[in-house]
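Note sheet for the following structure.
The values are calculated or read from the model by the stated rules, or taken from the named source; none is laboratory data. This structure is a prediction, so every number in the text was calculated from the model and none was measured. Cβ placement follows ideal geometry from the backbone for every residue including glycine, while neighbour counts extend to all protein chains displayed.
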């Protein structure tokens with residue numbers, strides 16, 4: 001007589017189970033009977049042994065089997081054993097990819113063989129490519145940002161649902177890289193854009209300051225219209241708009257708030273924040289204070305001038321092809337000067353030939369688009385590829401791609417794959 005006549009195992013790698021023999025005649029032997037077959041001594045699904053009237057059952061493979069226990073006098077007892085299949089398990093709990101051109105690999109580390117990847121929907125095919133490298137090993141390459149699930153089954157009917165997310169990242173230009181765009185060439189190719197006589201312009205940039213430094217450049221044209229940090233202040237600088245106005249010497253406007261960063265000075269405002277900053281110029285306004293607006297994370301910022309500009313008229317138009325020293329529109333550099341390099345991570349940037357309103361800025365604050373259905377967009381870049389790159393596509397359709405330069409003068413240079421960082425936009429203050 002046995003204390004129990006059944007045993008169920010969660011999987012073939014489960015711990016052994018034990019059944020006590022309450023009454024018997026010793027000299028126990030074991031045979032195994034799989035459904036539809038004759039008893040055999042082959043222990044394929046479970047292996048049984050006995051010591052001092054305690055039966056040990058050790059699972060070996062999934063399946064159902066009857067273990068026939070026979071003592072030396074021929075008395076028999078049957079133990080019904082069920083070994084469940086492996087639960088499918090992958091080398092990762094989620095497939096997380098940083099950047100919409102990056103890739104990653106994962107494999108099935110536990111399962112029952114003959115793995116089948118469920119066919120991708122049309123939407124999933126737009127999000128990613130999946131290649132089977134080997135039995136149970138997969139390579140996922142991102143195509144755009146988003147999230148979905150991969151479903152994998154095996155011959156035992158087990159199913160694994162694996163979440164997949166393609167996440168935004170930003171290129172860390174870190175003071176030794178920058179982006180340059182050939183706006184002069186764009187004007188030559190598409191003169192109907194009217195880039196030399198713009199009465200309105202908007203810059204937008206999403207970035208994170210790793211550090212602060214006086215005059216570090218965020219975006220724009222040296223000597224024309226430039227968004228940068230305050231001159232002469234390395235710690236806790238304000239945002240500064242440097243612009244061009246007839247009759248004024250090096251005019252600028254300062255933000256009320258200072259730039260937070262990861263700077264290690266004891267009195268530095270930290271940690272850094274993800275900023276969406278929009279600089280708006282409108283040459284149709286009656287004075288400079290009305291002509292220039294700054295929005296930080298969608299909120300209008302109070303500006304203070306180098307001097308009183310309330311009675312000073314702005315230039316009625318600007319030429320987007322004019323800049324000092326650089327010959328390019330730049331992100332993270334100005335005036336052909338290494339000291340002016342941006343100590344930042346850059347996610348997105350846009351140039352518009354219109355004065356974007358507060359509502360328009362808020363609506364598109366952190367939005368990702370493959371393009372905008374508008375003639376007002378001059379250039380649009382998302383620095384979120386996640387792979388080594390020397391050039392980033394202009395999503396405005398104007399083919400003014402952003403190329404990578406470095407402080408050693410290399411053009412183009414590259415952003416290495418390990419220089420991308422995760423993005424939080426909008427920032428949770």
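Some notes on this structure:
- Residue within the stretch 74-89 that is at pLDDT below 95, farther than 22 Å from residue 115 by Cα, surrounded by 13 or more Cβ atoms within 10 Å (Cβ to Cβ) and not assigned by TED's automatic domain parsing to the domain that holds residue 117 present: no
- Qualifying residue in the stretch 340-360 (condition: surrounded by fewer than 20 Cβ atoms within 10 Å (Cβ to Cβ), under 15 Å from residue 278 (Cβ atoms) and modelled with pLDDT under 90): no
- Selection from the stretch 10-25 of residues that are over 21 Å from residue 51 (Cα atoms) and either surrounded by 13 or more Cβ atoms within 10 Å (Cβ to Cβ) or touching a helix residue (DSSP H, G or I) at 6+ places or on another chain (Cβ under 9 Å) (or both): 10, 11, 12
- Any hit, the stretch 327-336, residues being farther than 21 Å from residue 172 by Cα and over 28 Å from the mean Cα position of the chain (by Cα): yes
- Matching residues, the stretch 226-246, being surrounded by fewer than 22 Cβ atoms within 10 Å (Cβ to Cβ), in contact (Cβ under 8 Å) with a residue 24 or more places away in the chain and farther than 16 Å from residue 344 by Cα: 244, 245, 246
- Unique match (being farther than 30 Å from residue 304 by Cα and touching a helix residue (DSSP H, G or I) at 6+ places or on another chain (Cβ under 9 Å)) among 245, 171: 171
- When 175, 214, 220 are checked against the criterion of being surrounded by fewer than 22 Cβ atoms within 10 Å (Cβ to Cβ), within 29 Å of residue 290 (Cα to Cα) and either within 22 Å of the chain's Cα centre (by Cα) or not assigned by TED's automatic domain parsing to the domain that holds residue 96 (or both), 214 stands alone in meeting it.
- Restricting attention to the stretch 165-182, the residues that are in a loop (DSSP other than H, G, I, E, B) and closer than 22 Å to residue 408 by Cα add up to 5.
- Where strands (runs of 3 or more DSSP E) fall entirely within the stretch 240-307, those with at least 2 residues that are under 27 Å from residue 174 (Cα atoms) are at 252-258, 275-282, 292-296.
- So residue 151, is it surrounded by 13 or more Cβ atoms within 10 Å (Cβ to Cβ) and either within 30 Å of residue 376 (Cβ to Cβ) or modelled with pLDDT of 95 or more (or both): yes
- Condition check for residue 325: under 30 Å from residue 191 (Cβ atoms) and modelled with pLDDT under 95: yes
For every residue, the table says whether it meets (1) in a strand (DSSP E or B); (2) farther than 27 Å from residue 153 by Cα; (3) free of Cβ contacts under 8 Å to residues at least 12 places away in the same chain; (4) touching a strand residue (DSSP E or B) at 6+ places or on another chain (Cβ under 7 Å).
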residue	(1), (2), (3), (4)
58	yes, no, no, yes
68	yes, yes, no, yes
77	yes, yes, no, yes
106	yes, no, no, yes
114	no, no, no, no
